[in-house]
1. Exactly one of these conditions fails for residue 180: (1) in a loop (DSSP other than H, G, I, E, B); (2) more than 16 Å from the ligand (Cβ to nearest atom); (3) within 23 Å of the chain's Cα centre (by Cα). Give me its number.
2. Among 312, 327, which is the only one that is surrounded by fewer than 17 Cβ atoms within 10 Å (Cβ to Cβ) and assigned to a helix (DSSP H, G or I)?
3. Among the residues of the stretch 198-226, count how many are under 26 Å from residue 354 (Cβ atoms), in a loop (DSSP other than H, G, I, E, B) and away from the ligand (no atom under 16 Å from the Cβ).
4. So which residues in the stretch 217-240 are more than 11 Å from residue 194 (Cβ to Cβ) and crowded, with 20+ Cβ neighbours inside 10 Å, if there are any at all?
5. Out of (1) within 30 Å of residue 66 (Cβ to Cβ); (2) more than 23 Å from the chain's Cα centre (by Cα), the odd one out for residue 423 is which?
6. Tell me, which residue of the stretch 375-394 that is part of a loop (DSSP other than H, G, I, E, B) and surrounded by fewer than 24 Cβ atoms within 10 Å (Cβ to Cβ) is nearest to the chain's Cα centre (by Cα)?
7. If you take the residues of the stretch 149-172 that are closer than 20 Å to residue 260 by Cα and in contact with a strand residue (DSSP E or B) (Cβ under 7 Å, 6 or more places away or on another chain), which of them is surrounded by the most Cβ atoms within 10 Å (Cβ to Cβ)?
8. Of the residues 74, 170, which is free of Cβ contacts under 8 Å to residues at least 60 places away in the same chain and within 16 Å of the ligand (Cβ to nearest atom)?
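The values are calculated or read from the model by the stated rules, or taken from the named source; none is laboratory data. Nothing here was measured: the structure is a model prediction, and the numbers come from that model. Positions of Cβ are backbone-derived with ideal geometry, glycine not excepted, and every protein chain shown enters the neighbour counts.
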Ligand code: PLP
């Protein structure tokens, strides 16, 4: 069956709102290292890594072996009502890495569920259903998380059980405080937070939930220290800070293991998913023990923390740490950022290049500086035609997102930079 036949069947039976990439979407049937192969036999360098899930890359023996040995035991899952050794060991490791005092971990199957759990914990703990979120944020697609997501393109439902107020600081390139110095920007956002609290809430807000670097929103990097300034305000009111590390965790930002650490603050809870499973479905919350244990009724996740996912995740985490992939993300990311800034100087279809580590956003613009979703669409197609898969996002769907596996090599970085340069040049030329 051809990819186009499969696409027709997909369209008939899957929801219209399930986003697909490319004019002719791919079916990936094989993968190795940082490369994937589609059913037509074409191989691509993968710079989106299954939306940042393949943190390490494909077909890694250590991870396959860990999963296989669990599968060989015959126990795919029996329920989380019984003890699971790898779940306990993984929780210990994540609690230790979190830096949160007396931390406890609850495992879920996705980032959405992790954020739903964190919101449930915070709202119960604070006895308030009011939440602060950032403009242009994305936190998932279930009832509460979709309701607080501050990016219209992804807010599929607006009937949320949570009352949300939005604060500035997410999308500096185009927000109300653009153009300010780092220090003035941080001050303006902290003043805005106080103003939003005082004018749109009753003050007894449960939590601020935020991505340290917005992912779906276009890899927007706020100045270091923004969340420290926010935390000062939050502490005055006893409001909790939830850091959504679904994209920024596991060392991807290069500088730190968790994105929030760039701000010198310890949050009350962090949520995680994506890269931890290197492709397996796993997510979770790591939180202060008293916050985690504040729920008194029994609860369960049938699959959260199951033996196969936790075995694979533990092997992934061990690999990440023992191969210093955070260090490699910093090194390759710096090269990519420098190379792309050079591209931006030469082609004015690129309005902004930003990022940290292996989370790099390239914002495409019209000649007058307005967002250009069409240029982003064309760059996506041009890069594919040259053998590179990249991501797309941003409030205006005009940002190319680069987030390759963190095992990326020097040669692959060079290859991707060359393809990106050629692709941007082709889009620029088509415009002239
Ligand atoms: N939080 C952030 C920051 C995300 O980027 C995403 C997904 O892209 C989610 C939460 C939701 O995670 P999932 O798609 O695993 O439910």
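1. In the conditions (1) in a loop (DSSP other than H, G, I, E, B); (2) more than 16 Å from the ligand (Cβ to nearest atom); (3) within 23 Å of the chain's Cα centre (by Cα), residue 180 misses (3) alone.
2. 327
3. Counting residues in the stretch 198-226 that are under 26 Å from residue 354 (Cβ atoms), in a loop (DSSP other than H, G, I, E, B) and away from the ligand (no atom under 16 Å from the Cβ) gives 3.
4. 217, 218, 219, 220, 221, 222, 226, 227, 231, 239, 240
5. Here residue 423 clears every test but (1).
6. The qualifying residue nearest to the chain's Cα centre (by Cα) is 387.
7. 169
8. On the way: 74 fails: within 16 Å of the ligand (Cβ to nearest atom).
Just a single option satisfies the conditions, and that option is 170.
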